[in-house]
1. With label points built 7 Å along Cα→Cβ from the Cα atoms of LEU101 and ALA121, find their separation and express it in nm.
2. What FRET efficiency do you get for ILE136 and ARG46 if R0 is 35 Å and r is their Cβ-Cβ distance, rounded to the nearest 0.05?
3. Which is farthest toward the positive dipole end of the chain among ILE172, VAL132, GLY105, measuring Cα position about the Cα centre, with Cβ charges +1 (Lys, Arg) and -1 (Asp, Glu)?
4. Using all alpha carbons of region 78-182, what is the percent of pairwise distances in each 5 Å bin, ordered from the shortest bin to the longest?
5. For the chain, with only Lys/Arg (+1) and Asp/Glu (-1) charged at the beta-carbon, what is the dipole magnitude about the Cα centre, in debye rounded to 20?
6. If I require 20 Å or longer along the helix axis, counting alpha carbons, and a Kyte-Doolittle average no lower than 1.0, what helices from the chain are left? Use full DSSP H segments.
7. Once neighbouring chains are kept in place and the probe is 1.4 Å, which whole percent of the accessible area of the chain is contributed by carbon and sulfur?
8. What residues from region 101-117 fall in the zone where the backbone N is under 16 Å from a label point 7 Å along the Cα-to-C-beta line of ASN60?
Amino acid sequence: MLIIIFKKNKTISKIRISILFLVFYYYLCVMLTNIVGIPTLSEYIRLSRLGEAFFNPNINLIPFSDGFSLSFILNIFLFVPLGFLCPLISKSYQSIKNTLLIGCGLSFTIETVQLFTLYRATDINDLITNIVGTLIGYFCFRFIHKLVITKSHSISDYKEPYYMRYMPIVIIVTTFILGFFS
């Protein structure tokens, strides 16, 4: 993916984009496989051999029914990097609307996928806290952007290719697919 981007646009900062893509991909790998626990093909094969069902709904649709806990705070911190990294990767996510949409979309996808896992719960609290974490990450980006990047003007003057707006989504989908087949 990086090779294609670099061939199409010679003016793009190769080191910056490479590092951001790798950090974003690594963050998603750790989050999706180790923390969130998306289902994998090997897990479905194991469940099939045990005669277990693939669809295991454990749903909580009542916000804050069990109060606030450590998991509430950890879910917020889990999505802060998403809200911070997406605007760094693509200028189109420097809009709060786009960053909020990708945070909501990823969180909703994770909660939906958890319907197909054996020991996970689909919880409205997770959705709320993930969105709050995305917003905190976005506001951290805005704060740092005002302090550092605005002084140099080098990135804000850069004309971004249209396909860069899809890169965070492409990385997320790629991570889900590779995680499923791992």
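The values are calculated or read from the model by the stated rules, or taken from the named source; none is laboratory data. Only a predicted model underlies this, so the values are computations on that prediction, with no experimental measurement involved. Ideal geometry is used to build each Cβ from the backbone, glycine not excepted, and the neighbour counts take in all protein chains shown. Each accessible area value is taken on the protein alone, full model and side chains, heavy atoms only, with ligands, DNA and RNA left out. Shrake-Rupley method; radii C 1.70, N 1.55, O 1.52, S 1.80 Å.
1. 3.2
2. Numbers: r = 37 Å, r/R0 = 1.05.
After rounding to 0.05, the efficiency reads 0.45.
3. ILE172
4. 2, 12, 20, 21, 19, 12, 7, 4, 2, 1, 0
5. Numbers: 15 positive and 8 negative charges, 219 e Å.
My answer is approximately 1060 debye.
6. Those that clear 20 Å and a mean of 1.0 are 14-29, 70-89, 96-113, 124-144.
7. Ligands and nucleic acids excluded, carbon and sulfur reach 71 percent.
8. Output list for this probe position: 111-112, 114-115.
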